[in-house]
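The next block holds one structure in the form of structure tokens; read it before the comments.
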């Protein structure tokens, strides 16, 4: 286990500098994501969105073809491939790291073969065959996320007990498993899984105690953008959660997160510029 967080995230084609916070722009190639489902119904529309995110200042693109909102139905393999592969093939020519949000090993293998750099897995490689795909790849990056239960049932019966300890121990165990299969520590990033089977209070507890997750020794990716917990404390509908989303991203970075996964790239980049200017005076 590393004694301190890596300064770079090693991925298929890029060594991502984590000395400054990285903004990961969300590209949902789905009709039913909780926030922007159906906004990019074709590969051409999704690729145009990729280009818009890059103009807004995104450092990384995260492409997904299956909604993981609470209660979302499962998507068949062939449909996910149909949604994701054309977007990945186009995005890998844009000069930035390309992440794919998937838990299916067949999709992982296909997108890595197409040139993707990072596998972002809500199941933390627990689906049969997923760990082997990442372990057999020479150096793709991987983000391991904590999720309680599954997307269909996670909010029906949220977690109980000490959420920080449970998330910490789960992620530490998955890291040890991955390293046992020969995956270098520099390829691994951790995501506490905000909104995935947690109550509103538990989500904010994870933010307040984010340092305990970081104590595992790996960079943290924070995904607060437009989440229902932000709506719960502000009373705002999903389409009006820009300000709380930026606030949560900023708070997570101030508490040590190195990557923030967001819908609203331009505004997040601007907020982080203010944070970075303050940090530069220290």
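For this structure, a couple of remarks:
- Only Cα pairs under 8 Å and 6+ residues apart enter the sum, and on that basis the relative contact order of region 143-237 stands at 36 percent.
- Computed over all pairs of different Cα atoms, the Kirkwood value for the hydrodynamic radius of region 135-282 is 16.2 Å.
- Mean projected area (nm²) of the alpha-carbon convex hull when region 148-190 is viewed from all directions: 3.8 nm²
- Sorted by Cβ density within 10 Å, fewest first, the residues 147, 24: 147, 24
- Selected from 20, 172, 55 as most flexible by GNM, with the chain as the system and alpha-carbon contacts under 10 Å: 55
- The separation of region 201-269 from region 89-159, counted between C-alpha centres, amounts to 20 Å.
- Across 262, 183, 75, mean-square fluctuation computed from a Gaussian network of the chain (C-alpha pairs under 10 Å connected) peaks at 75.
- Neighbour-count ranking [beta-carbon atoms within 10 angstrom, fewest first] of 9, 224, 275: 275, 224, 9
- Helix-only CD estimate at 222 nm, as mean residue ellipticity for the chain, using -39500 (n - 2.57) per DSSP H run (n ≥ 4): -12000 deg cm²/dmol
- [x] 1.02; [y] 0.91; [z] 1.06, with the label sought being that of the calculated Cα Rg over 2.2 N^0.38 Å: [y]
- Measuring nothing but how far apart in sequence close Cα pairs (under 8 Å, 6+ apart) lie, relative to its length, the chain scores a relative contact order of 21 percent.
- Each Cα pair under 8 Å and six or more residues apart adds its separation to the average, and for region 38-105 the resulting relative contact order is 43 percent.
- Taking other Cβ atoms within 10 Å as a rough exposure proxy, 99, 12, 228, 245 sort from fewest to most as 228, 12, 245, 99.
Every number here is computed from the coordinates shown, using simple stated rules; none is lab data. The structure presented is a predicted model; accordingly, all values stated were derived computationally and were not measured. Reconstructed Cβ throughout: ideal geometry from the backbone, glycine too, with neighbour counts over all protein chains shown.
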